[in-house]
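The values are calculated or read from the model by the stated rules, or taken from the named source; none is laboratory data. Quantities reported herein were computed from a predicted structural model and do not represent experimental measurements. Glycine gets a Cβ as well: all are built from the backbone with ideal geometry, and neighbour counts include every protein chain shown. Keep in mind that these areas ignore ligands, DNA and RNA; they rest on the heavy atoms of the full protein, side chains included. Shrake-Rupley method; radii C 1.70, N 1.55, O 1.52, S 1.80 Å.
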Amino acid sequence: MKRNQLLFKFESLLLATTATALYLWHPTSLPIQINSLIPIMLNLLLSLILINERRTVLNNLVKLPLIGLFPYSLGLSICLFGAPFISNIGISKWIILLIGLILFGVMLYPFLKVMLLSLQGIGWQIAGNITFMMTFYMASFSSQFLNFPTSISNPVLWLSFLGSFGIAGYAMKAWGYQFPQLKINSQVNFWWLGILIITALLNLGMSAGSWSRLFTDFKLVLATHSLIMLASTIVWVGIKEEFMFRYLFLWPLLTMNIKSDQKRIVWATLISSGIFGLFHAGHLFAGQGLLQTFFQVFSAFGIGMLFTVITLYTGTLWIGIILHLLIDLITFPTTSAGIFSGPLTSYQVEFILITRIIELIVVFLILKNKHTQAAFMQTLRHVKKDPIK
């Protein structure tokens, strides 16, 4: 661990030195702004604060921002270093990209060992993995210096999406958490599962627009965006959110030191769903109205409870992912920015309240029903195993 920590600190110093030298050189083909150096310098400063004892609260508090800063700093430095080879020498940007990706992977290894994989305690592990998932894609933005677009058509962005899933999943495995099963728990009662799925599908009625249309002339309409926009919604919204909140968040919470298995399931469901709801409060900082944000958080909490129970009852992620995608692609994209981007109609407010009450009732009934407990216990037995040494 000490060797990897020294190597990580050396890498942070190397990144800061490289970026500073390129800024001072300041070639016309490489317009570097001074604010681009701030994350790299902050990364260096925090890396120097790290001490050898990895279990201290101070170290963990330092590690969390580093988990967000280092991949971005590494990607930026590599792209800044590679840019002159494209503009001045004429080497293909794809060759530079390939070399850069290999270098990125090699230099990322000490960071993962020292920062992410060394975290202990479910709270720190959850915080570290979520921070990594939410920020890792930012490393791809620097590929603009290699003449790649800044839009979602950028292949580097998609590689970062896939990379974040793979690394976060590997971290979970290293900590001893198993991946959710592909097959449904053998103790599942399909009548109860059907009720859960039908309850989730009630959300499709949001796009009807009015009670009269819902009961007389309701037609489901898929979001009409470009294929690449639909793909990004599928990967970065539906799959990512289920992966994060129904696996990265939920699985560690299921190992909380609570003697009663049922209470552990209830608390894990409440906490992960509550954070899932609050996660959507970020739209408030993007200019969304307070009332709209409140209803979005409330909606996300209710549907999060339902998706969490589906995951715990079946032991799988894929059912929740499919339902999540259906709701995102049919229910909410009634405008290009979603229903919460503007004033809510009385129908939408009433529909949100009614469906959430139904969801919470169904969740309560299945959590308390003695005939459903065997399936929940199957999932609990699958959550944890010995971590990777």
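If you scan segment 171-184, which residues turn out to be part of a loop (DSSP other than H, G, I, E, B) and open to solvent by 10 Å² or more (accessible area, probe 1.4 Å)?
Gln178, Phe179, Leu182, Lys183, Ile184
Quick one: which of Ser164, Ser207 is more than 30 Å from Met377 (Cβ to Cβ), modelled with pLDDT of 85 or more and either in contact with a strand residue (DSSP E or B) (Cβ under 6 Å, 6 or more places away or on another chain) or in a helix (DSSP H, G or I) (or both)? Talk me through it step by step, then tell me what you get.
Numbers: Ser207 fails: modelled with pLDDT of 85 or more.
Result: Ser164 is the single residue among Ser164, Ser207 that is more than 30 Å from Met377 (Cβ to Cβ), modelled with pLDDT of 85 or more and either in contact with a strand residue (DSSP E or B) (Cβ under 6 Å, 6 or more places away or on another chain) or in a helix (DSSP H, G or I) (or both).
Considering segment 55-88 alone, what residues qualify as being farther than 17 Å from Ile102 by Cα, assigned to a helix (DSSP H, G or I) and hydroxyl-bearing (Ser, Thr, Tyr)? Break it down into steps so the answer makes sense when it comes.
Initial filter on segment 55-88 (farther than 17 Å from Ile102 by Cα): 55-69, 84, 86-88.
Adding the requirement that they be assigned to a helix (DSSP H, G or I) leaves 57-69, 84, 86-87.
Matches in segment 55-88: Ser87 only.
Restricting to segment 128-150, name every residue that is open to solvent by 50 Å² or more (accessible area, probe 1.4 Å) and part of a helix (DSSP H, G or I). Give the derivation first.
First, the residues of segment 128-150 that are open to solvent by 50 Å² or more (accessible area, probe 1.4 Å): 134, 137-138, 141, 144, 147, 149-150.
Passing the criteria: Met134, Tyr137, Met138, Phe141, Gln144.
Just name the residue that is modelled with the lowest pLDDT out of those in segment 77-94 that are over 14 Å from Leu37 (Cα atoms) and not small (Gly, Ala, Ser). Walk me through how you get there before you give the answer.
Step one: filter segment 77-94 for residues over 14 Å from Leu37 (Cα atoms), giving 82-94.
This time we only want the ones that are not small (Gly, Ala, Ser), so: 84-86, 88-89, 91, 93-94.
Working: Pro84: 85, Phe85: 87, Ile86: 87, Asn88: 80, Ile89: 85, Ile91: 90, Lys93: 92, Trp94: 94.
Filtering first and then ranking leaves Asn88.
If I filter segment 297-306 for residues that are open to solvent by less than 10 Å² (accessible area, probe 1.4 Å), closer than 26 Å to Ser153 by Cα and either in contact with a helix residue (DSSP H, G or I) (Cβ under 7 Å, 6 or more places away or on another chain) or touching a residue at least 12 places away in the same chain (Cβ under 8 Å) (or both), do I get at least one hit?
no
Please verify whether segment 251-273 includes one or more residues that are part of a helix (DSSP H, G or I), free of Cβ contacts under 8 Å to residues at least 24 places away in the same chain and out of contact with any helix residue (DSSP H, G or I) (no Cβ under 9 Å at 6 or more places or on another chain).
Yes, segment 251-273 contains at least one residue that is part of a helix (DSSP H, G or I), free of Cβ contacts under 8 Å to residues at least 24 places away in the same chain and out of contact with any helix residue (DSSP H, G or I) (no Cβ under 9 Å at 6 or more places or on another chain).
Restricting the first residue to segment 151-162 and requiring it to be surrounded by 20 or more Cβ atoms within 10 Å (Cβ to Cβ), which pairs with a second residue that is assigned to a loop (DSSP other than H, G, I, E, B) meet a Cβ separation below 7 Å and a spacing of at least six or different chains?
Val156/Phe148
Considering each of Leu97, Leu74, Leu108 in turn, give the residue that is over 21 Å from Pro39 (Cα atoms) and crowded, with 18+ Cβ neighbours inside 10 Å.
On the way: Leu74 fails: over 21 Å from Pro39 (Cα atoms); Leu108 fails: over 21 Å from Pro39 (Cα atoms).
It is Leu97.
Is at least one residue of segment 171-183 over 30 Å from Met115 (Cβ atoms) and either among the aromatic types (Phe, Trp, Tyr) or touching a residue at least 40 places away in the same chain (Cβ under 8 Å) (or both)? Talk me through it step by step, then tell me what you get.
As a first pass, look at segment 171-183 and keep what is over 30 Å from Met115 (Cβ atoms): 182-183.
So of that shortlist, the ones also either among the aromatic types (Phe, Trp, Tyr) or touching a residue at least 40 places away in the same chain (Cβ under 8 Å) (or both) come out as 182-183.
So far as segment 171-183 goes, yes, one or more of its residues are over 30 Å from Met115 (Cβ atoms) and either among the aromatic types (Phe, Trp, Tyr) or touching a residue at least 40 places away in the same chain (Cβ under 8 Å) (or both).
When segment 365-385 is examined, which residues are found to be more than 24 Å from the chain's Cα centre (by Cα) and among the β-branched types (Val, Ile, Thr)?
Let us first name the residues in segment 365-385 that are more than 24 Å from the chain's Cα centre (by Cα), namely 365-378, 381.
Listed by number, the residues that qualify are Ile366, Thr372.
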